[in-house]
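Everything on this sheet refers to the single structure shown next.
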Amino acid sequence: MARPLTPHGNKDMIGSKGIIRRSEFVRIITKALYSLGYERSGAILEEESGIPLHSPLVDCFRKQVLDGNWDGSLATLNKISISDDVLKLASFMILEHKLCEFLEMDRVLDAVNTLRNEITPLRIKPKRVHELSTCIICPSLHLSLGSINGIKKSSSRLKLLNELQKVLPPALMIPEGRLEHLIEQALNVQREACYFHNSLDSCLTLYTDHHCREDQIPSQTTQVLQGHGDEVWFVQFSNNGKLLASSSRDNSAIIWEVREDGVLSLRHTLTGHQKPVLMISWSPDDCQLLTCGLEEVVRRWDVSSGECVQVYEKNGVGLISCGWFPDGKRFFSGVTDSSICLWDLDGKELECWKGQRMIKTSDLTITGDGKQIISMCRESAILVLDREAKVEKLIEENHTITSFSLSRDDQFLLVNLINQEIHLWDITGFPKLVMSYKGHKRSRFVIRSCFGGYEQSYIASGSEDSQVYIWHRGSGYLIAALPGHTGAVNCVSWNPVNPQMLASASDDHSIRIWGGTMLNLNHKEAYSNGVSHSNGKNVNDNELSL
């Protein structure tokens, strides 16, 4: 029992703003001390502050529960000022535990009386009451319904007390880990307010307010890749961040290897397309790569060898986009006849969607569970189609949509518009616009943006003014406009594993790698005559005409 002493000062409120109640503050610290095992320190704080952790009534209740004094604990509970609903629920929990202990001791008649005369009259949780009655009839079911068999009574009763703590008002019994929860909230607020937090949370400390330096953002060119002979239209890191693929107007794609020191080197040049390569897509396991020519064919490549293993085409129409199904055994493509086709790897067309609202589809993607296909359906609208539920959702914009990308968690869609804005949409329920990003330039070309950085906290985009733009995702604040390219920046990709590595593809025929600090690299350029060169024409026997 705490011995009240004269408090230091007469302030009931503490802190610089005077919004923290002294009694709550002390009780939470006391609770934390006891939880950490510092029993003596907790008792001393109670005594010195004159602020007990629990009232005498609550202390009595806790002791009765731990001692298995069920009748006494119920009597004390009725003396505590709580609502009727909470009283019934807490009583049910105590009586349920009492019944379980009776069953463990083979006191079946006592268990029956508890169920009939104490639990049932509460008139709550009928399903659980039925389960308990079944448990009495068939003792073998007891284990599956929360038996305490094999557990010391003291441990099971402590667990019950912890569960009761979640039901009773927190002012009576402070929730476990409350101090830690408050501190984590404070750190989260500081982290979310920091525009430059782009690293693991291990850098967070309680000793000072959190501020990251600007060099956490990949804002300096660390390498220039020059393997293409014309405009580079698309760039994308592999899922494991160890490879980078690029595609170009020169009808080729290139696979670059990200070495452990962060330097990229040319691994394979992929040739065989007769038209510019519009986009690329990594398989879920990063072992295969799809490339899509401009209104042409889709080619599938073996990443390790750089060889083309299959060519997919359809009579009378061209393919204009591609993406993998999550199982890695199928892929989908947009077609110039405004349809979307799902293929197996052998080239068999499995499904085809062609609604009245479909347009000449370019960008399309599918969620990680394989259930929702997201595609353009009008110039200013995106269709989210649930394949299983046959439910459609529309994202409608006021301006023409040029491209879009899906967040890693499948909850947000980043939409590029012709009016030089990028919109962030929450698509978890009814689509909702949550943020707009402005500053980049777009007048003639398709410019692509991406999510990236630690926990995808940033938005990056290309721009026709030859710069790369980076925004803080949560606030919309423009962090940086990065110069370096000498032509329009068509596409950007953030390394999913290294939050401080960003790639950008430009009309100046180059790909720039951006990092958080300027590195003294021995090899700043990679050329097309690098590791290997393969020609997809050597597998013409695998070409399909559908």
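The values are calculated or read from the model by the stated rules, or taken from the named source; none is laboratory data. In this text, all values refer to a predicted model and were calculated from it rather than measured experimentally. Cβ coordinates were reconstructed from backbone atoms using ideal geometry, including for glycine residues, and neighbour counts include every protein chain displayed. Ligands, DNA and RNA are stripped out before the accessible areas are found, and what is left, the full protein with its side chains, is counted by its heavy atoms. Shrake-Rupley method; radii C 1.70, N 1.55, O 1.52, S 1.80 Å.
Quick one: in the stretch 247-259, which of the residues that are surrounded by fewer than 23 Cβ atoms within 10 Å (Cβ to Cβ) and more than 28 Å from the chain's Cα centre (by Cα) is nearest to residue 227 (Cα to Cα)? Across the stretch 247-259, the extreme among qualifying residues is 250. Taken together, the criteria exclude residue 363 from residues that are charged (D, E, K, R), within 27 Å of residue 309 (Cα to Cα), surrounded by fewer than 20 Cβ atoms within 10 Å (Cβ to Cβ) and touching a residue at least 24 places away in the same chain (Cβ under 8 Å).
Tell me, yes or no, whether the stretch 333-343 has at least one residue that is at pLDDT below 95 and loosely packed, with under 14 Cβ neighbours inside 10 Å. Taking every residue of the stretch 333-343 in turn, none turns out to be at pLDDT below 95 and loosely packed, with under 14 Cβ neighbours inside 10 Å.
Within the stretch 260-301, the set of residues being open to solvent by 10 Å² or more (accessible area, probe 1.4 Å), at pLDDT 95 or above and within 30 Å of the chain's Cα centre (by Cα) comprises 281, 282, 284, 285, 286, 287, 288, 300. Based on what the data block shows, is residue 190 without any contact (Cβ under 8 Å) to a residue 60 or more places away in the chain and in contact with a His (Cβ under 7 Å, 6 or more places away or on another chain)? It is true that residue 190 is without any contact (Cβ under 8 Å) to a residue 60 or more places away in the chain and in contact with a His (Cβ under 7 Å, 6 or more places away or on another chain). If you go through the stretch 468-498 and keep only what is of a type outside the set (Phe, Trp, Tyr), assigned to a loop (DSSP other than H, G, I, E, B), in contact with a strand residue (DSSP E or B) (Cβ under 7 Å, 6 or more places away or on another chain) and over 21 Å from residue 446 (Cβ atoms), you end up with 473, 476, 495, 496. Scanning the stretch 64-88 for residues that are in a helix (DSSP H, G or I), within 18 Å of residue 117 (Cα to Cα) and open to solvent by 60 Å² or more (accessible area, probe 1.4 Å) yields 71, 78, 88. Close Cβ contacts (under 9 Å, 6 or more residues apart or on different chains) running from residues in the stretch 496-518 that are within 21 Å of residue 195 (Cβ to Cβ) to residues that are among the charged types (D, E, K, R) and in a strand (DSSP E or B) comprise 502/512; 504/512.
Restricting attention to the stretch 392-441, the residues that are of a type in the set (Ser, Thr, Tyr), modelled with pLDDT under 95, part of a loop (DSSP other than H, G, I, E, B) and open to solvent by less than 40 Å² (accessible area, probe 1.4 Å) add up to 0.
Against the test of being over 21 Å from residue 216 (Cα atoms) and in contact with a Gly (Cβ under 8 Å, 6 or more places away or on another chain), the options 488, 460, 481, 389 yield a single qualifying residue, 488.
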